[in-house]
1. Can you find a residue in region 264-279 that is surrounded by 16 or more Cβ atoms within 10 Å (Cβ to Cβ), under 17 Å from the mean Cα position of the chain (by Cα) and not in a helix (DSSP H, G or I)?
2. Looking at (1) in contact with a Leu (Cβ under 8 Å, 6 or more places away or on another chain); (2) loosely packed, with under 13 Cβ neighbours inside 10 Å, can you tell me which one Arg215 breaks?
3. Within region 47-65, track down each residue that is hydrophobic (A, V, I, L, M, F, W, C) and over 14 Å from the mean Cα position of the chain (by Cα).
4. How do the pairs read when you match residues in region 19-30 that are small (Gly, Ala, Ser) with residues anywhere that are in a loop (DSSP other than H, G, I, E, B), using Cβ under 6 Å and keeping only pairs 6 or more apart or on different chains?
5. Name the residue, out of Ala47, Ala94, Ala90, that is hydrophobic (A, V, I, L, M, F, W, C), at pLDDT below 95 and either under 27 Å from Asn173 (Cα atoms) or surrounded by 13 or more Cβ atoms within 10 Å (Cβ to Cβ) (or both).
6. So, in region 138-160, exactly how many residues are at pLDDT below 95 and over 16 Å from the mean Cα position of the chain (by Cα)?
7. Give me the residue from region 233-258 that is free of Cβ contacts under 8 Å to residues at least 12 places away in the same chain and within 24 Å of the chain's Cα centre (by Cα) and, out of that set, nearest to Phe124 (Cα to Cα).
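The values are calculated or read from the model by the stated rules, or taken from the named source; none is laboratory data. Not measured: the values here are computed from a predicted model. For neighbour counting, all protein chains shown are included, and Cβ atoms are generated from backbone atoms with ideal geometry for every residue, glycine included.
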Amino acid sequence: MSDDRRSPFRGAKLDRDTASQVPDTPQTRAPTYRLAFADVDFLGKDALRPVRLQLELLKPEMVLDEHGVDSTVVLFGGARIPSPENSDKARTKALGELSHFYDVAREFSRRMTEKSLAGGGRDFIIATGGGPGVMEAGNRGADDAGGVSIGLNIVLPHEQAPNAYVTPGLCFNFHYFAIRKMHFLMRACAVCVFPGGFGTLDEMFEALTLIQTGRMRRVPFLLFGRAFWEKIINWEALAEAGTISEEDLQLFQFVETAEEAEAAIEGWRLIGTRDDIPGR
């Protein structure tokens, strides 16, 4: 059989296939006989957590490299925000009133994907959490433009299928929130945050903290819907209290429409990574 591997040794896949064809005996049925890397029960043990963390970091990284993804536009936002045609089914009146952001996210993603395709399809790839709501809208907009998009799903107690618009070959599933967050930001050339709940706030503040502390370079950081964000977060009070600096309020920008967001990204002033933290 042909083998394009550079190593002269037998490959792991070949040995795994060979081991599956051994005679059925008490010895071969014993868990100890399984190849360690093909033993799901072994890999699930607490002691193997460092290995699982490494695998979750490595697998998506290798796949994204294989697909030629150089940079991503990350969309965070609420899973519960409905499309406008389903706004009457929203859990609350306020949630239904946020439904227009579904269309904004969809249109913005379509524009970014067209920009990506015009430049060769390696940059400005839309990346979402792969679920419903704003995430679905983001993947859907990329699909509208005929491009690919990424879905970084996470296993939850109420497990749900990825939305139908994620590119199948770029649809991932995670056990560890921490590794998922790393993949959101490792290739991010822009971070776009739509109204959302605890998960959206968590992702937004973690990314802002990395930029604020100089652990991540500054990228276009857009908050869609000034009225929403200023209602739930008193940004000025944080600065007035001194818990953040006035300069930290310049790390992000409010936008309302897809057109405004596209213009903000194209006109963003490129600033390198912070080497100090203002106010300290």
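1. Of the residues in region 264-279, the ones surrounded by 16 or more Cβ atoms within 10 Å (Cβ to Cβ) are 264-265, 268, 274.
Filter once more, keeping what is under 17 Å from the mean Cα position of the chain (by Cα): none.
No; the residues of region 264-279 include none that is surrounded by 16 or more Cβ atoms within 10 Å (Cβ to Cβ), under 17 Å from the mean Cα position of the chain (by Cα) and not in a helix (DSSP H, G or I).
2. The single condition Arg215 does not satisfy is (1).
3. Within region 47-65, the first condition is being hydrophobic (A, V, I, L, M, F, W, C), and the residues that meet it are 47-48, 51, 53, 55, 57-58, 62-64.
Scanning region 47-65 gives Ala47, Leu48, Val51, Leu53, Leu55, Leu58, Met62, Val63.
4. Close Cβ pairs (under 6 Å, with a partner that is in a loop (DSSP other than H, G, I, E, B)) amount to Ala19/Leu35.
5. So the residue among Ala47, Ala94, Ala90 that is hydrophobic (A, V, I, L, M, F, W, C), at pLDDT below 95 and either under 27 Å from Asn173 (Cα atoms) or surrounded by 13 or more Cβ atoms within 10 Å (Cβ to Cβ) (or both) is Ala90.
6. Total satisfying the criteria: 4.
7. Gln250
Residue-wise test of (1) in the same structural domain as Gly197 (by TED's automatic domain parsing); (2) touching a residue at least 60 places away in the same chain (Cβ under 8 Å); (3) under 16 Å from Gly225 (Cβ atoms); (4) within 16 Å of the chain's Cα centre (by Cα).
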| position | (1), (2), (3), (4) |
| --- | --- |
| Leu75 | yes, yes, yes, yes |
| Ser83 | yes, no, no, no |
| Asp88 | yes, no, no, no |
| Leu98 | yes, yes, yes, no |
| Val104 | yes, yes, yes, no |
| Arg122 | yes, no, no, no |
| Pro132 | yes, no, no, yes |
